[in-house]
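What follows is one structure encoded as structure tokens, with my remarks underneath.
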Amino acid sequence: MPFYSASTSASGNRAIRGHIVTMTGDPFVMGDNDVLVDIADGCVVIHDGIITAVGPYDQVKDQIPTGTQIDHYRDHIISSGFVDSHVHYVQTGIIGAFGAQLIDWLNEYTFVAEQRFSDKEYSAAVAKIFFDELLRNGTTTALTFCAVYPDSVDAFFEESVRRGTRMAAGKVLMDRNAPEALLDTAQSAYDDSRVLMDRWHGRGRNLYAVTPRFAPTSTQAELDVAATLRREMPSALMHTHVSENLGEIAWVRSLFPKSKGYLDVYDQSGLLGPGAVLAHGVHLTAQERMRVVETQSAVAHCPTSNLFLGSGLFHVHQAKNPKHNMTVGLGTDIGAGTSFSILSTMNEAYKVAQLTQYPLDAIKMFYLATLGGAQALGIDDKIGSLEVGKEADVIVLDPSATDLLAFRSAQVTSLEEQLFVLATMGDDRSVAVTYVGGEIVYSRDGNSPELKLKEER
Ligand code: GUN
Ligand code: ZN
């Protein structure tokens, strides 16, 4: 598989021409047509990794500096890169572990696998595989758990700096209810996180996320440490799990008898707020959902994981009720999730929504996968859509990636239908090219002239 290291083209200029599709707002609130930008022959102009113009090719071509390389993708869709709002890079090796629901799955598989990340070399090797998979699938930003070991965090961010990607990650905090080898203490959680946060938050394009695993594996003292860390670095994120599984919820109630419920444990600890991303939230009550909205926290919807672990059905139409609209992104939740592909994740999100009697349309799914994720991470001023001033993380989607997709796509009569077919039938094969910061970091077919007709102006 070709890998192109992120380098800047000589002039720092580049243009990408094709069918531009992007969302500039939340379609659950504003309606699909009000947020959809659909330009059949469009062009994204980039200077030093930042988008300087977007529009119909005929209108922006005069703004393209002489000598700029124009990558022209005929019959391809140009989108903002996908955002994976919740994933565990350290679980890449346990995708498809048979037969268990959340707590048993953690004990039987996850807590065994994560112990291997005490080894920096192993961590670095898995980080490389993880980044290859993300970029092959068109995911240019991810919010990921690392392991409890600081080396696992260094390995991750070192790889991200090499690739030039905008990523968010953090050391897992867990000081109880797991094997001894995986436990930190409230004090070491503070000390290690503080060093890592200072080292990585804002280095390159990276963000640090304070990462208590979930309420059952942190004492109150450690949750307090997490809140202190966030107060000390308010621009860092907070990343955890909530209300994924009914047994888990009952366990939290027994561990925190004074709390009103699961979410309240985080709330009382001062961990909610903008930049707090809560994975799953499948079983949040109406009151808890209101509290997520009030505190401007966000939820990562992880349908392949929720189905795989039998956790339950996330009610996206409740979460995205325009009267009390939650910020929601899509997450793969590898390794409980079963695919790195955000297109496959949309496919399962659609089916989960169907089971809750809500037909989730393609515009809304692409929004959740791009701008929704960026909003969840609080970086929608930087990524998530193709707009002037944003960072040029761009993907090229191929509606004819397979014989069957080509046959099906030949029959679509609207953009919405095309996007829906891509979400239903697409996967990594549908991602032709991935740009990070305006540079090609992945090309499915290499630099084949059939795919990528370079034009010099
Ligand atoms: N809850 C606590 N830890 C985990 C994890 O690693 N994966 C999932 N899906 N849920 C969790
Ligand atoms: Zn998870």
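Taken over the stretch 258-306, the residue count meeting the criterion of being buried (at least 24 other Cβ atoms within 10 Å of the Cβ), away from ligand 1 (no atom under 16 Å from the Cβ) and touching a residue at least 60 places away in the same chain (Cβ under 8 Å) is 1.
The sole residue among F111, F117, F157, F131 that is within 15 Å of ligand 2 (Cβ to nearest atom), in a helix (DSSP H, G or I), open to solvent by less than 10 Å² (accessible area, probe 1.4 Å) and of a type outside the set (S, T, N, Q) is F111. Residues that are within 26 Å of L106 (Cα to Cα) and out of contact with any Phe, Trp or Tyr (no Cβ under 9 Å at 6 or more places or on another chain) within the stretch 192-213 comprise just one, V210.
The residue of the stretch 390-405 that is nearest to T139 (Cα to Cα), among those that are in a loop (DSSP other than H, G, I, E, B) and touching a Lys or Arg at 6+ places or on another chain (Cβ under 9 Å), is D393.
On the stretch given as the stretch 325-338, residues that are within 16 Å of ligand 1 (Cβ to nearest atom) and open to solvent by 30 Å² or more (accessible area, probe 1.4 Å) total 1. You will find that of S400, S409, S414, the residue that is open to solvent by 30 Å² or more (accessible area, probe 1.4 Å), in contact (Cβ under 8 Å) with a residue 12 or more places away in the chain and closer than 18 Å to H76 by Cα is S400 and no other. When the test is whether a residue is hydrophobic (A, V, I, L, M, F, W, C) and in a helix (DSSP H, G or I), V282 does not pass it. Restricted to the stretch 19-90, the set of strands (runs of 3 or more DSSP E) holding at least 2 residues that are farther than 30 Å from E114 by Cβ comprises 36-47, 50-56, 69-80. Taken as a whole, the stretch 235-253 holds at least one residue that is more than 13 Å from ligand 1 (Cβ to nearest atom), over 27 Å from D104 (Cα atoms), touching a residue at least 24 places away in the same chain (Cβ under 8 Å) and not hydrophobic (A, V, I, L, M, F, W, C). Evaluated against (1) within 16 Å of ligand 2 (Cβ to nearest atom); (2) in a strand (DSSP E or B), P216 falls short on exactly one condition, (2). Pairing each residue of the stretch 348-361 that is closer than 13 Å to G312 by Cα with any residue that is basic (K, R) and assigned to a helix (DSSP H, G or I), provided the two are 6+ apart or on different chains, yields no C-beta distance under 9 Å. Do we find a residue being β-branched (V, I, T) and surrounded by fewer than 20 Cβ atoms within 10 Å (Cβ to Cβ) anywhere in the stretch 175-190? Checking the stretch 175-190: at least one residue is β-branched (V, I, T) and surrounded by fewer than 20 Cβ atoms within 10 Å (Cβ to Cβ).
Pairs linking a residue in the stretch 307-320 that is within 13 Å of V242 (Cβ to Cβ) and part of a loop (DSSP other than H, G, I, E, B) to a residue that is open to solvent by 60 Å² or more (accessible area, probe 1.4 Å) and within 12 Å of ligand 1 (Cβ to nearest atom), with Cβ atoms under 8 Å and 6 or more positions apart or on different chains, are S311/Q101.
The values are calculated or read from the model by the stated rules, or taken from the named source; none is laboratory data. Here the structure is a predicted model, which means the values were calculated and not measured. Note that we place each Cβ from the backbone using ideal geometry, even for glycine, and neighbour counts take in every protein chain shown. Only protein heavy atoms, including side chains, enter the accessible area calculation; ligands, DNA and RNA are left aside. Shrake-Rupley method; radii C 1.70, N 1.55, O 1.52, S 1.80 Å.
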